[in-house]
Amino acid sequence: MRPPRLPGHGPPGRTRPRPGDSHAVRNGPGAPADGQTKRFRSLRAAQYYAQALFFVLGSDDPGSEEQLYRSGRKAWDTFCDLCEPAAVKAQVPYGTTPLPVWFFRPDASGARRPTVILTNGSDGQNVDMWTYGVAAALERGWNALVYDGPGQGQLLFVDRIVFTPTWEKVVTPLVDWLTARSDVDPDRIALTGLSMAGDLAPRAAAFESRIAALVAMPGCVDPWLGFPPEIRRILTPDKQQTNDIWNKEVVPELPPAAAATMKKRFEPFSIPAMLEARRGRLFTDFYTPATRIQALRITDVVPRIKAPTLVLDYEGEQFYPGQPREMYDALTAPKDYVRFTAAQGAQLHCSPMAPQLHCEVVFDWLQQTVQGG
């Protein structure tokens, strides 16, 4: 979950790539792009598409959402193929729909290494995981696994599968896949969760005993509290009453920017809401996705976590203020708490202006916790 941004803001003219646009850029006469340049142009293209994807439901072409995702995914896959060594791409069994994974290694030596599983939030894309963990892991001799889970990436935009509250059922197959590899040290597998995954990853670690260390970025125990009080008040125990309030009292008064925000924030929890948004309309069933978000509450399972845990917090945290400290206090495992501040330039949800500092703190802690220094 990123800091809120209003759809439509930005420079005039065409401010987002069209689905299928080429992301090839000339390097100037007599200077063909080398392999490193091509690689990082693909990474940038993936991020450009990710930004477009974030805003598309509030644009005049919401129906292009899936194609925007596919275009960004193509750029991301191109980047992964150009890495040295190339990222291993695979499908990990999960129910009837496999999880796409990208496994990054510092080299092709086959040496057994510590590995970090990087978990995205409610509206991030896999390209964000490069900034929030992959590069830092590789620099320190770690492997890194990026994946799309239910409600994310391919599983949301193509396979149409929403978030699940039982995230251990997502992480356990990933750990199974990793431990079957000869280049992974099965005793040194860490798990991180960015944004709303600061709820998902701890939930998984409470039930998956093979996690050697956990990082919640930030700690989150109840994602429903990340919605404004006036939105939460719509939900009542009765489905019909809830949806009547939503459709008759709330929707007619929503300004366009607020309507776009609601479309974006509810789509990972409701395929009907996503499909309606692609048609330029607001969903009519508020009750079902709202109760799915409520089901993500993990207050009762945090004490079950046995892995050493680092809980991050941010000055000015917009979505989950107070929740990182609540998680930290509830933990019974070895634990640490770090709060990023405005003085560091690292304030706000997920330290958007200081990802390098963010990764330094996380990986210094992981090195000490998982490797003993």
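The values are calculated or read from the model by the stated rules, or taken from the named source; none is laboratory data. Just so it is clear, the structure is predicted and the values come from calculations on it, not from any experiment. With ideal geometry, Cβ positions are generated from the backbone for all residues, glycine too; neighbour counts draw on all protein chains shown. Surface accessibility is based on the protein's heavy atoms, side chains included, excluding ligands, DNA and RNA. Shrake-Rupley method; radii C 1.70, N 1.55, O 1.52, S 1.80 Å.
Of the residues screened, residue 285 is one that is in contact with a helix residue (DSSP H, G or I) (Cβ under 9 Å, 6 or more places away or on another chain), among the charged types (D, E, K, R) and at pLDDT 95 or above. Filter the stretch 263-287 for residues that are part of a helix (DSSP H, G or I) and aromatic (Phe, Trp, Tyr) and give the result. Residues satisfying the conditions are 266, 269, 287.
The single condition from (1) in contact with a Phe, Trp or Tyr (Cβ under 8 Å, 6 or more places away or on another chain); (2) under 30 Å from residue 49 (Cβ atoms); (3) part of a helix (DSSP H, G or I) that residue 162 fails is (3).
Give me a count of the residues in the stretch 88-130 that are among the hydrophobic types (A, V, I, L, M, F, W, C) and open to solvent by less than 10 Å² (accessible area, probe 1.4 Å).
Adding up the residues that qualify gives 11.
Does residue 96 meet the test of being closer than 22 Å to residue 193 by Cα and of a type in the set (Ser, Thr, Tyr)? For residue 96, the condition - closer than 22 Å to residue 193 by Cα and of a type in the set (Ser, Thr, Tyr) - is not met.
Residues in the stretch 185-196: is at least one open to solvent by less than 10 Å² (accessible area, probe 1.4 Å) and not in a strand (DSSP E or B)? Checked the stretch 185-196: at least one residue is open to solvent by less than 10 Å² (accessible area, probe 1.4 Å) and not in a strand (DSSP E or B). Considering the stretch 65-74 alone, what residues qualify as being polar (S, T, N, Q) and open to solvent by 30 Å² or more (accessible area, probe 1.4 Å)? Within the stretch 65-74, just 67 meets the criteria. Within the stretch 173-184, restricting attention to residues that are assigned to a helix (DSSP H, G or I) and open to solvent by 10 Å² or more (accessible area, probe 1.4 Å), the residue that is nearest to residue 317 (Cα to Cα) is 173. Across the stretch 324-357, the number of residues qualifying as in a helix (DSSP H, G or I) and in contact with a helix residue (DSSP H, G or I) (Cβ under 7 Å, 6 or more places away or on another chain) comes to 5. Among the residues of the stretch 75-84, some residue qualifies, meaning at least one is over 15 Å from the mean Cα position of the chain (by Cα), open to solvent by 10 Å² or more (accessible area, probe 1.4 Å) and under 25 Å from residue 267 (Cβ atoms).
Taken over the stretch 137-172, residues that are farther than 16 Å from residue 198 by Cα and open to solvent by 10 Å² or more (accessible area, probe 1.4 Å) amount to 12.
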